[in-house]
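The values are calculated or read from the model by the stated rules, or taken from the named source; none is laboratory data. None of the values given here were measured: they were computed from a predicted structure. Here the Cβ positions follow ideal geometry from the backbone for every residue, glycine too, while neighbour counts run over all protein chains shown.
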Amino acid sequence: MESIRFDVPSISCANCVAKIERELAKVDGVITAKADSTTKSVEVTVSDAAAVDRIAAALQKIGCPPKPMK
Ligand SMILES: [Cu+2]
């Protein structure tokens, strides 16, 4: 299990947070997803590293694209 942080600049309110957490919970390999509108980031724990691509795709799909990871 590992923890990954995505910067998602378009998170602006509680609705975004709820939407992101709801969508990411459906992604294969995601154990927990916690979005934060103050830091505009999403903290995710995954069971396998390949979930990262699926998470990025899911964020893209709901209109909250993550910034490229450093
Ligand atoms: Cu919003």
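Output the residues belonging to the range 22-53 that are under 10 Å from the mean Cα position of the chain (by Cα) and within 12 Å of the ligand (Cβ to nearest atom).
Scanning the range 22-53 gives a single hit, Ala35.
Return the only residue of Ala14, Ala25, Ala57, Ala49 being modelled with pLDDT under 95 and exposed (fewer than 15 other Cβ atoms within 10 Å of the Cβ).
Ala49
Only one residue in Ala56, Ala49 is of a type in the set (A, V, I, L, M) and part of a loop (DSSP other than H, G, I, E, B). Which one?
Ala49
(1) in contact with a Lys or Arg (Cβ under 8 Å, 6 or more places away or on another chain); (2) modelled with pLDDT under 95: which one isn't true of Met69, the others all being true?
Evaluating Met69 over (1) in contact with a Lys or Arg (Cβ under 8 Å, 6 or more places away or on another chain); (2) modelled with pLDDT under 95 leaves (1) as the failure.
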